[in-house]
Amino acid sequence: MDHAIVADGLIKRFGDTTALAGVDLAVRQGTVLGLLGPNGAGKTTAVRVLATLLRPDGGRATVGGYDVVTQSHQVRQLVGLTGQYASVDETLTGAENLLLIGRLLGMPRRRAKHRARELLAEFDLAGAADRAVKGYSGGMRRRLDLAASLVGRPPLLFLDEPTTGLDPRARSELWELVRRLVAGGVTVLLTTQYLDEADALADEIVVIDHGRVIATGTPQELKAKTGSSSLAVRPADSDQLPTVVSVVGELAGMAAEVSGDLVSAPVSDPQVLPAAVRRLDQAGVVVAELALRRSSLDEVFLTLTGHPAEDADATERSPE
């Protein structure tokens, strides 16, 4: 079997709201598929359908070759799920949390205890194994939550915005853990709002907005569609803004965006930077700032949908 997860035309409605409007996706075994989109795009609903927590209103999906509706029990045996917020018990220690999950999975106590200690060491939590989780940092809780989803050694892992609220260091640590899991053969479906996260981890990306797939491809292909970088110029003299807008727009091949005295536009050719220097010098523009920046999530969504990510309507309304 080439694909561990396949969804074909998934539809899910909540009253008058359509959270999924015919979503297609396929995740190859031993890879990471990044499901990218703003809040309310339908990402969590898709994960909950694939994890058998919600029944779709239309379409079909298989996980590990099993139908998520008619063979939900088999699907649950294959999947580990880590949601947006740590679900561990704060009153228990790290070791007790993992031991409890092992016992709930039917493991003998000795085996469950061994697996707990094994995971705590792997996730760099051995030193905090016997401390109550309420004393853990946010990054430690997320690592413990991820460890909890792996107690039963599932071959498929669903990560639903796992780095929400984490600082940069904790995010990097979690990314490295995910890379190690995939290197060990685990297949990962990752939902995220962050383009840099999808870029860092995903082999392929599916972008959804308002419950529909609007772009697919590798990170490189996606960036090529939307412009991999942004040219930003701030003139020293605001009277020269019209000239800068004209130069940046011509180099980018599209209308430049003006925010205060900063002029920017998405570009795909890194050679645009020296070209901008020449053109601005020829026009007699003195610049206070000139940079070639990686595209932000807003710029990607502006190109794909015509609106920045934060303006997306919250279409996702699933019962908790």
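The values are calculated or read from the model by the stated rules, or taken from the named source; none is laboratory data. Note that the coordinates shown come from a computational prediction; the quantities given were computed from them, not determined experimentally. Please note: Cβ atoms are built from the backbone with ideal geometry, for glycine as well, and neighbour counts cover all protein chains shown. Surface areas here come from the heavy atoms of the whole protein model, side chains and all, with no ligands, DNA or RNA. Shrake-Rupley method; radii C 1.70, N 1.55, O 1.52, S 1.80 Å.
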- request: Please find, in a Gaussian network model of the chain (springs between Cα atoms separated by less than 10 Å), the residue of 286, 68, 244 whose mean-square fluctuation is greatest.
  value: 286
task: Once you've got the Cα coordinates, tell me which of 43/113; 43/134; 43/223; 12/223 are over 32 Å apart.
output: 43/113
message: How many angstrom lie between the Cα centre of the range 71-144 and the Cα centre of the range 5-61?
response: 26
- request: With a Förster radius of 30 Å, plug the Cβ-Cβ distance of residue 87 and residue 196 into 1/(1 + (r/R0)^6) and report the FRET value to the nearest 0.05.
  value: 0.75
task: May I ask you to list the residues of the range 95-134 whose amide nitrogen lies under 13 Å from a point 7 Å from Cα along the Cα→beta-carbon direction of residue 180?
output: 118-127
field: Lys, Arg +1 and Asp, Glu -1 on Cβ, resulting dipole of the chain about Cα centre, debye, nearest 20
entry: 1760
message: Just want to confirm a number: the relative contact order over the chain, from Cα pairs under 8 angstrom separated by 6+ residues, in percent.
response: 22
field: Helix-only [θ]222 nm of the chain, DSSP H runs n ≥ 4, -39500 (n - 2.57) each, per residue, nearest 500
entry: -10500 deg cm²/dmol
message: As a test question: what accessible area, to the nearest 10 Å², does residue 294 have when a 1.4 Å probe is rolled over all protein chains in place?
response: 150
Inter-site label distance for residue 39 and residue 67 at 7 Å from Cα along Cβ, in nm: 3.7
Local net charge near residue 251, Cβ-Cβ under 15 Å (Lys/Arg +1, Asp/Glu -1): -1
task: Using a 1.4 angstrom probe on heavy atoms only, work out the carbon and sulfur share of the accessible area of the range 76-173 in %.
output: 50
- prompt: Taking the chain, how much of its Cα-Cα pair set, in percent, is spaced more than 31 angstrom apart?
  reply: 41
field: Accessible heavy-atom area order of 140, 254, highest first, probe of 1.4 Å
entry: 254, 140
message: 7 Å from Cα along Cα→Cβ at both residue 291 and residue 246: what's the point-to-point distance in nm?
response: 2.7
query: Considering only DSSP beta bridges with both partners in the chain, what is the antiparallel share in %, to the nearest 5?
result: 65
query: With all protein chains present, how much of the accessible area of the range 184-247 (probe radius 1.4 Å) comes from carbon and sulfur, to the nearest whole percent?
result: 45
message: Restricting to Cα pairs below 8 Å that are 6+ residues apart, what does the relative contact order work out to for the range 211-268? Please round to a whole percent.
response: 39
1.4 Å probe accessible area per residue over the range 74-215, in Å²: 46
- line: For residue 131 and residue 111, extending 7 Å from Cα along the Cα-Cβ vector and measuring point to point gives, in nm, a value of 3.2
- line: Expressed as a whole-number percentage, the relative contact order of the range 188-285 with C-alpha contacts under 8 angstrom and at least six residues apart is 22
